Amino acid sequence: MQLENAALRIDYFLGADPGDLIFMGVDPRLLPSREDWLQQYVDDFARKRDDRRLFGMVLQLDGQTVGFSNVGLLDDEASALVHFHLTVPELRGRGLGARFLRMVTNAYFAGFDFDHLYFEPNAFNTASNRMAQSAGYRFLRTHRTTPGAIHLVDQPMTRWVIRRADLL
C-alpha cells in the first residue's frame, strides 16, 4: 500500500454504517477526522522502512479494488497483527476472504522476518473467525481486550496464529 492508497482504508471506516463498525468492534465516536488520520499515514511514510509501524496491501480482483490489509507491528518485532477488510459486500461469503487472507499472509512472510502472524477478529464475528481457520490460522484463545485506539473497550476477541514454519 502506497501513501496514495491510505484514503481507501480511511474512507472505508469513515463511510461505514455505525452499526457495521460496532459489529467489527470499532467505536464510531473514536474515529479520527479524515485529515488527522491521513496525517498519521503521511508521518509514517516519512520514516525509513525499518522505523515505520504500518504496512499494507490493496486487494484487487479483475482490476477492481475490493479490499485492503495491513499489519501492525508488535513490540517483539517477530510478530505482527494482520488486519483485513473485504470492502465489496457482494463478494463476501464466497470464500474469497480466506483466499485473500492466505495471499496477504504469504506476502507478509515474504516481505518481513516475522516468525508468526496473528489475526484477531471480534469473537462474535463468525465470518471472520471462519475465514481465519480456512486460511490456515490456528485458534489460540478468546480473551477480552481493547485492540486499539478506535475500538470498543474490553471486547471479546479471538486470537488466531500462523507461523512461518507452518507454511513450509
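The values are calculated or read from the model by the stated rules, or taken from the named source; none is laboratory data. Computed from a predicted structure; not experimentally measured. For neighbour counting, all protein chains shown are included, and Cβ atoms are generated from backbone atoms with ideal geometry for every residue, glycine included. These accessible areas exclude ligands, DNA and RNA; they are computed on the full protein's heavy atoms, side chains included. Shrake-Rupley method; radii C 1.70, N 1.55, O 1.52, S 1.80 Å.
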Tell me, which residue of region 29-53 that is among the aliphatic types (A, V, I, L, M) and touching a Leu at 6+ places or on another chain (Cβ under 8 Å) is nearest to residue 121 (Cα to Cα)?
31
Just one of 139, 124 is out of contact with any Asp or Glu (no Cβ under 9 Å at 6 or more places or on another chain), open to solvent by 20 Å² or more (accessible area, probe 1.4 Å), modelled with pLDDT of 95 or more and within 18 Å of residue 155 (Cβ to Cβ); which is it?
139
Can you tell me which of (1) among the hydroxyl-bearing types (Ser, Thr, Tyr); (2) more than 19 Å from residue 71 (Cβ to Cβ); (3) crowded, with 20+ Cβ neighbours inside 10 Å is the one residue 134 doesn't meet?
(3)
Condition set in contact (Cβ under 8 Å) with a residue 24 or more places away in the chain and in contact with a Leu (Cβ under 7 Å, 6 or more places away or on another chain), scope region 8-21, selection surrounded by the fewest Cβ atoms within 10 Å (Cβ to Cβ): answer is 13
Suppose the filter is modelled with pLDDT under 90, part of a strand (DSSP E or B) and either surrounded by fewer than 16 Cβ atoms within 10 Å (Cβ to Cβ) or not aliphatic (A, V, I, L, M) (or both); does residue 68 pass it?
no
Unmet criterion (only one of (1) farther than 28 Å from residue 129 by Cα; (2) part of a strand (DSSP E or B)) for residue 59:
(1)
Mind listing just one residue for me: the one in region 29-56 that is touching a residue at least 24 places away in the same chain (Cβ under 8 Å) and part of a strand (DSSP E or B) and, of those, surrounded by the most Cβ atoms within 10 Å (Cβ to Cβ)?
56
